[in-house]
Amino acid sequence: MTRIRLASVGDIPDETGLRVDTDGYRIALFRVEGDIYGIADRCSHEEASLAEGDLFDDEIECPKHGSEFNVRTGAVLNLPATEPVARYDVVVEGDDVYLILEEE
């Protein structure tokens, strides 16, 4: 298992996300009800940063065409996107947020 530090909890805004680029991953981090979630930062419909969208409960709205994704699962919730985005395992230790990658 590999752990990569992504951010501090305090770096993640409440009403939108935080984009983090690390080790070939582009991740959008979100804080929902005190928990931190990570999904791929690229909308599956067109190139747009999901971290720049508006967060409503556990749904992020793509700023480009309005598709919504569940930040807990990466599931797509409406058109025009039809494909989910990747979900990443993250863990919080103290004030640090880490990406967890399983060894292949």
Residues in segment 12-45 that are surrounded by fewer than 20 Cβ atoms within 10 Å (Cβ to Cβ) and either assigned to a strand (DSSP E or B) or small (G, A, S) (or both) total 13
Take the residues of segment 46-104 that are hydroxyl-bearing (S, T, Y) and exposed (fewer than 15 other Cβ atoms within 10 Å of the Cβ): which is farthest from P13 (Cα to Cα)? T82
Quick one: in segment 63-80, of everything that is touching a Pro at 6+ places or on another chain (Cβ under 9 Å) and in a loop (DSSP other than H, G, I, E, B), which residue is farthest from Y37 (Cα to Cα)? H65
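Computed from the coordinates by the stated procedures, all read-outs in this text should not be read as laboratory data. Since we're looking at a predicted model, the values are computed, not measured. In this analysis, Cβ positions are derived from the backbone assuming ideal geometry, glycine residues included, and neighbour counts consider all displayed protein chains.
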